[in-house]
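Below you'll find the structure, written out as structure tokens, and then a few comments.
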Amino acid sequence: MDPHDVAQGLSNVRARIDAAARRAGREPASITLVAVSKTKPASAIEAAFREGQRVFGENYAQELVEKSGALAHLAGLEWHFVGRLQSNKAKLVAGIATMVHAVDSEKLARALGRHAEPRPSPLDVLVEVNVGGESSKGGVAPDDVPALLSAIESTPGLRLRGLMSIPPHTESAEGARPFHRALRSLRDANGGEARLPILSMGMTDDLEVAIEEGATMVRVGTAIFGARGVRGSVG
Ligand SMILES: *Cc1c(COP(=O)(O)O)cnc(C)c1O
């Protein structure tokens, strides 16, 4: 995808976010767009950066290390780690990312906290909830959310910021609505916005529905950068 296409994709996504927010009676600026750049080359990230995008999401620790190194000259660029993370990669990620979206165990939280402690500011974390009860996906069961929230709050180096989910694949965006609503209910039942200001939910296919249900962060890859190849293409 050439830089022009990235600019166009980004502008389409911004228009979708704006329209959805207005329909829902929400302030568009209250929704943060995370541009998910996994498998896409550094040049595509630079193209989005030139259009004013500042927050980028990556899924693989090694890819994050490589791209953050290649793009270290872009002042103000922020990396979010949105993928599943093994504790043994916590050190790499805690040294680069400003936020980790998919914390789903106390073990991972402890590892991140330990490696985040030398940072000047705490590492922001979200708890991933397995809203669809799918064994193939990460995330904690809704019943286990309260204990993990407390564990994170008592872990030095971390700052608890909210909840994140990847709903089951459904034929239509509307199918994701009950799962987004469930994440918001969990937020409301566990301290509400004061304790959990961020709801990271909604991707290319369902970002409108997610915004209607209260998303404050949407993670969008395909609609900005184009389809991802099955393999290869890491630049
Ligand atoms: C890849 C990915 C996205 C982006 O998905 P698209 O459908 O391409 O917008 C969002 N969140 C996570 C956790 C991802 O892995």
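Descriptive notes on the structure:
- Å² of accessible area per residue within the chain, as computed with a 1.4 Å probe and no ligands counted: 45 Å²
- D (Stokes-Einstein, µm²/s), Kirkwood Cα radius, the stretch 154-211, 1.002 mPa s at 20 °C: 176 µm²/s
- Placing pseudo-labels 7 Å out from each Cα toward the beta carbon at residue 119 and residue 188 gives an inter-label distance of 3.1 nm.
- Per-residue packing, averaged as other Cβ atoms within 10 Å, sorts the ranges 180-191, 66-77 into the order 180-191, 66-77, beginning with the highest.
- Kirkwood-Stokes translational diffusion coefficient of the chain, alpha-carbon pairs, 20 °C, 1.002 mPa s, µm²/s: 120 µm²/s
- When the alpha carbon coordinates of the stretch 96-235 are projected onto the principal axes, the ranges are 41, 41, 26 Å, largest first.
- Taking the inverse of the mean 1/r over every pair of distinct Cα atoms in the stretch 16-82 gives a Kirkwood hydrodynamic radius of 12.9 Å.
- Computed label-point distance, nm, for sites residue 50 and residue 11 using a 7 Å Cα→Cβ extension: 1.4 nm
- Residue 203 contributes about 70 Å² of solvent-accessible surface, heavy atoms of the protein only, 1.4 Å probe.
- Candidates 99, 204, 12 compared by Cα position along the dipole of the chain: farthest toward the positive end lies 99, with charges placed on Cβ.
- Ligands, DNA and RNA left out, the 1.4 Å accessible surface of the chain is 50% carbon and sulfur atoms.
- Pairs from the list 67/91; 91/137; 38/89; 38/67; 38/137; 67/89 with a Cα-Cα gap above 20 Å: 91/137.
- Leading residue at positive end of dipole, the chain (Cβ point charges), from 226, 120, 147: 120
- Computed log10 I(q)/I(0) for the stretch 55-100 at 0.26, 0.28, 0.31 Å⁻¹: -0.92, -1.06, -1.29, from the Debye equation with unit scatterers placed on every C-alpha and solvent omitted.
- A simple charge model with +1 on the Cβ of Lys and Arg, -1 on the Cβ of Asp and Glu and nothing else charged puts the dipole of the stretch 104-185 at about 260 debye relative to its Cα centre.
The values are calculated or read from the model by the stated rules, or taken from the named source; none is laboratory data. Quantities reported herein were computed from a predicted structural model and do not represent experimental measurements. Neighbour counts run over all protein chains shown; Cβ positions are idealised from the backbone, glycine included. Surface accessibility is based on the protein's heavy atoms, side chains included, excluding ligands, DNA and RNA. Shrake-Rupley method; radii C 1.70, N 1.55, O 1.52, S 1.80 Å.
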